[in-house]
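Single-structure report; data block below.
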Amino acid sequence: MTDISNENLYLLLPGIVAGIARIYAKNNGCSEIEAIRIIYSSHLYPRLADETTKLWHLGPVALFEELLEPSL
């Protein structure tokens, strides 16, 4: 088993973003493609893409709620 690092986290991100996008699209009446665009340009994505935050451990519902929180 390979440890997750900043060098390989990018392999997990599309699946994680897709899970958040499904929830976002359903709750906001938009397409999943539009939801993906919103997520990638959000305050959440840079933190999600930083392995040291460990946000990738969270499930899509928790990450969706994080997305709704105002940025710091």
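Close Cβ contacts (under 7 Å, 6 or more residues apart or on different chains) running from residues in region 11-29 that are among the acidic types (Asp, Glu) to residues that are in a helix (DSSP H, G or I) are absent. With the condition kept exactly as written, say whether any residue in region 10-20 is at pLDDT below 95, surrounded by fewer than 12 Cβ atoms within 10 Å (Cβ to Cβ) and in a helix (DSSP H, G or I). Yes, the conditions are met somewhere in region 10-20. Does region 37-51 include one or more residues that are small (Gly, Ala, Ser) and open to solvent by 80 Å² or more (accessible area, probe 1.4 Å)? Yes; the residues of region 37-51 include at least one that is small (Gly, Ala, Ser) and open to solvent by 80 Å² or more (accessible area, probe 1.4 Å).
The residues of region 52-72 that are in contact (Cβ under 8 Å) with a residue 24 or more places away in the chain, assigned to a helix (DSSP H, G or I) and open to solvent by less than 80 Å² (accessible area, probe 1.4 Å), listed by number, are TRP56, PRO60, LEU63, PHE64, LEU67. Filtering region 21-51 to residues that are part of a loop (DSSP other than H, G, I, E, B), of a type outside the set (A, V, I, L, M, F, W, C) and over 20 Å from SER5 (Cβ atoms) leaves GLY29, SER31, SER41, SER42, HIS43.
The values are calculated or read from the model by the stated rules, or taken from the named source; none is laboratory data. Keep in mind that what you see is a predicted model, and the values were worked out from it rather than measured. Reconstructed Cβ throughout: ideal geometry from the backbone, glycine too, with neighbour counts over all protein chains shown. Side chains included, ligands, DNA and RNA excluded: accessible areas come from the protein's heavy atoms. Shrake-Rupley method; radii C 1.70, N 1.55, O 1.52, S 1.80 Å.
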